[in-house]
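The values are calculated or read from the model by the stated rules, or taken from the named source; none is laboratory data. This one's a predicted model, so the numbers in the text were calculated from it and none came from an experiment. A quick note on method: Cβ atoms are made from the backbone with ideal geometry, for glycine too, and the neighbour counts reach across all protein chains shown.
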Amino acid sequence: MELTIDVSAWTQTERNYLQAAAYSMLWQQRGIDAHDILEKDGVLSSLIVTQDVSAILNGATLKVFIASEIEKARLATEIAKVESGIRETEIATSQFKEIKLADVDIAIDAATNLTQLKVLLKKFVRYVIAVS
């Protein structure tokens, strides 16, 4: 199989995704494991794929797929940034940041009822998750 995709108007990022997108689309839509797909200057080639897959792998469908994947990556990055900020804030403001071993007993013993103990436990678990 050899297909030529006009990538002249594509961004470099879109071009970088081309080979992976072709592989992924063939796998998702036809179950074809075309692990030998090669891409060079918009030309996709494969020794394994011998059938006509031009309906799946054409400039329009590839560009839409790539745009979708780039957007998913962008959203994941934004979510990760927010989570990272929350973790940094938790670490910076936690009473457990620089707690000494002797102070652990004091903190636990200071909880005089179940509600206070639950609050302490939640703070501790949040801190442990934030630092891991």
Region 33-57 residues that are under 10 Å from THR4 (Cα atoms), paired with ones that are buried (at least 17 other Cβ atoms within 10 Å of the Cβ) and of a type in the set (Phe, Trp, Tyr) (beta carbon under 9 Å, 6 or more apart) | GLY42/TRP10
Mind checking which residues of region 35-77 are assigned to a loop (DSSP other than H, G, I, E, B) and touching a Phe, Trp or Tyr at 6+ places or on another chain (Cβ under 6 Å)?
-> ILE37
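Residue-by-condition table, conditions (1) of a type outside the set (S, T, N, Q); (2) modelled with pLDDT of 95 or more; (3) more than 28 Å from the chain's Cα centre (by Cα); (4) loosely packed, with under 11 Cβ neighbours inside 10 Å:
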| residue | (1), (2), (3), (4) |
| --- | --- |
| PHE65 | yes, yes, no, no |
| GLU88 | yes, yes, no, no |
| LEU101 | yes, no, yes, yes |
| LEU121 | yes, yes, yes, no |
Collect the residues in region 1-22 that are part of a helix (DSSP H, G or I), more than 15 Å from THR61 (Cβ to Cβ) and in contact (Cβ under 8 Å) with a residue 40 or more places away in the chain, keeping them in residue-number order.
-> THR13
Of these, ALA130, ALA92, ALA111, which one is in contact with a helix residue (DSSP H, G or I) (Cβ under 9 Å, 6 or more places away or on another chain) and without any contact (Cβ under 8 Å) to a residue 12 or more places away in the chain?
-> ALA111
Conditions (1) surrounded by 11 or more Cβ atoms within 10 Å (Cβ to Cβ); (2) free of Cβ contacts under 8 Å to residues at least 40 places away in the same chain: number failed by ILE106 | (1)
In region 23-36, what residues are under 14 Å from ILE56 (Cα atoms) and not basic (Lys, Arg)?
-> TYR23, SER24, MET25, LEU26, TRP27, GLN28, GLN29, GLY31, ILE32, ALA34
